[in-house]
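Visitor: Sharing a structure, written as structure tokens. Questions coming.
The values are calculated or read from the model by the stated rules, or taken from the named source; none is laboratory data. Keep in mind it's a predicted model, so treat the numbers as computed, not measured. Backbone-built Cβ (ideal geometry, glycine too); neighbour counts: all protein chains shown.
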Amino acid sequence: MTAQGQPRYRGVFPVAPTVFTDSGDLDLDGQRRAIDFMIDAGSHGICILANFSEQFVLTDAEREQVQDAVLEHVAGRVPIIVTTTHFGTAVCAERSRRAQEAGAAMVMIMPPYHGATFRVPEESIFQFYQRVSDAIDIPIMIQDAPVAGTPLSPAFLARMAREIENVSYFKIEVPQAAAKLRTLIELGGDAIEGPWDGEEAITLLADLDAGATGAMTGGGYPDGIRQITDPYEAGRREEAIEAYGRWLPLINYENRQAGLIAAKVLMKEGGVIKSEAVRHPLQPLHPKTRAGLIETARRLDPLVLRWAR
């Protein structure tokens, strides 16, 4: 917390896509342009190497390349959250330590899981986060996402916030996220520094009403998300509701139709990056799905379609 008792980090922290060439190599120049666009579009901070960044198709060496390129390029303009998720406690701790050394403001970590059935019990999850916390001095955001298939009750999350020094932020993107956020805040009190919304802002308004202070969305239109969160934070509820209704078709299209490719498609369409390629076995969008995404976006005139013009 700051001296005034406010969270260190709040606002819109979208996930940056990892940019590739058409042949599937890292495009670090394109990566830097994507980051510059996201900052110009009003991102309060940016998250890299998340699931929406295709972290699962990168080698460890490529992760380091992307991390170092982004942190060096941003040079403190906005805080950067680095996702360091790994099943192995020691590996996750080392990734987190390395991210801190490179300049990360925070690390985001899912609980240990592998495949459909490899899970660990609650006490092992507690020890996992405790050991990662012991290795670093920056905040940890626990990512509570369905992909992990690991139940994390509000009481357990609040316990970790109270008892593990650096666990203080929570990205909640499970069904009934608002109810979970509300309960987490009630149980954890001041230990819950950052209760955040996720899942491309599909439940953003309800999550803000529940007390969310941050939103981790897709990277294609931070300016649109700001049109919702800024008036909400200023107490202009009707303006926020109207903006949410206006942007919801695009949020829904990303969440339900396009997924992690949406940000790349929008950035490619607007000339921010040269390629919207994803790595196999992921597949490009069907041309009609792509056209629907662009049509939906054009009605809103997001900066992504104008930034490079």
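Visitor: Look through 107, 70, 19 and report the one residue that is touching a Cys at 6+ places or on another chain (Cβ under 9 Å), within 28 Å of residue 280 (Cα to Cα) and among the aliphatic types (A, V, I, L, M). Before you say what the answer is, go through the steps one by one.
Guide: Numbers: 70 fails: touching a Cys at 6+ places or on another chain (Cβ under 9 Å); 19 fails: touching a Cys at 6+ places or on another chain (Cβ under 9 Å).
Going through 107, 70, 19 in turn, the sole match is 107.
Visitor: Report yes if some residue within region 149-162 is part of a helix (DSSP H, G or I) and either at pLDDT below 95 or acidic (Asp, Glu) (or both); otherwise report no.
Guide: no
Visitor: In this structure, does residue 226 turn out to be of a type in the set (Lys, Arg), closer than 30 Å to residue 20 by Cα and in a helix (DSSP H, G or I)? Steps first, answer last, please.
Guide: Numbers: of a type in the set (Lys, Arg): yes; closer than 30 Å to residue 20 by Cα: yes; in a helix (DSSP H, G or I): yes.
Yes; evaluated as a whole, the condition is true for this residue.
Visitor: Take the conditions closer than 24 Å to residue 56 by Cα and either without any contact (Cβ under 8 Å) to a residue 24 or more places away in the chain or in contact with a strand residue (DSSP E or B) (Cβ under 6 Å, 6 or more places away or on another chain) (or both) and apply them to residue 230. Does it pass? Please lay out each step first, then the result.
Guide: On the way: closer than 24 Å to residue 56 by Cα: no; either without any contact (Cβ under 8 Å) to a residue 24 or more places away in the chain or in contact with a strand residue (DSSP E or B) (Cβ under 6 Å, 6 or more places away or on another chain) (or both): yes.
When the stated conditions are applied, residue 230 does not pass them.
Visitor: Just the residues that are assigned to a helix (DSSP H, G or I) and either farther than 19 Å from residue 302 by Cβ or at pLDDT below 95 (or both), please, taken from region 206-223.
Guide: Filtering region 206-223 for residues assigned to a helix (DSSP H, G or I) gives 206-209, 222-223.
If the condition is that a residue be assigned to a helix (DSSP H, G or I) and either farther than 19 Å from residue 302 by Cβ or at pLDDT below 95 (or both), then 206, 207, 208, 209 are the ones that fit.
Visitor: Looking at region 254-276 only, could you name the residues that are under 13 Å from residue 202 (Cα atoms) and surrounded by fewer than 21 Cβ atoms within 10 Å (Cβ to Cβ)?
Guide: First, the residues of region 254-276 that are under 13 Å from residue 202 (Cα atoms): 254-257, 259.
Selection gives 255, 256, 257, 259.
Visitor: Confirm whether residue 15 is of a type outside the set (Gly, Ala, Ser), touching a strand residue (DSSP E or B) at 6+ places or on another chain (Cβ under 6 Å) and crowded, with 22+ Cβ neighbours inside 10 Å. Even if it seems obvious, please write down each step before you answer.
Guide: Details: of a type outside the set (Gly, Ala, Ser): yes; touching a strand residue (DSSP E or B) at 6+ places or on another chain (Cβ under 6 Å): yes; crowded, with 22+ Cβ neighbours inside 10 Å: yes.
For residue 15, the condition - of a type outside the set (Gly, Ala, Ser), touching a strand residue (DSSP E or B) at 6+ places or on another chain (Cβ under 6 Å) and crowded, with 22+ Cβ neighbours inside 10 Å - is met.
Visitor: Looking at 116, 177, 201 in this structure, which one is surrounded by fewer than 23 Cβ atoms within 10 Å (Cβ to Cβ) and among the aliphatic types (A, V, I, L, M)? Even if it seems obvious, please write down each step before you answer.
Guide: Working: 177 fails: surrounded by fewer than 23 Cβ atoms within 10 Å (Cβ to Cβ); 201 fails: surrounded by fewer than 23 Cβ atoms within 10 Å (Cβ to Cβ).
Step by step, each of 116, 177, 201 is checked, and only 116 is surrounded by fewer than 23 Cβ atoms within 10 Å (Cβ to Cβ) and among the aliphatic types (A, V, I, L, M).
Visitor: May I ask you to say which residue of 281, 302, 287 is surrounded by 13 or more Cβ atoms within 10 Å (Cβ to Cβ) and at pLDDT 95 or above?
Guide: Working: 281 fails: surrounded by 13 or more Cβ atoms within 10 Å (Cβ to Cβ); 287 fails: surrounded by 13 or more Cβ atoms within 10 Å (Cβ to Cβ).
Criteria check complete, one pass: 302.
Visitor: Could you count how many residues in region 205-253 are surrounded by 16 or more Cβ atoms within 10 Å (Cβ to Cβ), among the charged types (D, E, K, R) and closer than 21 Å to residue 40 by Cα? Step through it out loud before you land on a result.
Guide: Step one: filter region 205-253 for residues surrounded by 16 or more Cβ atoms within 10 Å (Cβ to Cβ), giving 205-208, 210, 212-232, 240, 243-244, 247-248, 250-251, 253.
If we keep only those that are among the charged types (D, E, K, R) as well, we get 207, 223, 226, 230.
Checking which are closer than 21 Å to residue 40 by Cα leaves us with 223, 226, 230.
The qualifying residues number 3.
Visitor: Does any residue of region 151-160 turn out to be within 23 Å of residue 229 (Cβ to Cβ), in contact with a Leu (Cβ under 9 Å, 6 or more places away or on another chain) and among the basic types (Lys, Arg)?
Guide: No, the conditions are met nowhere in region 151-160.
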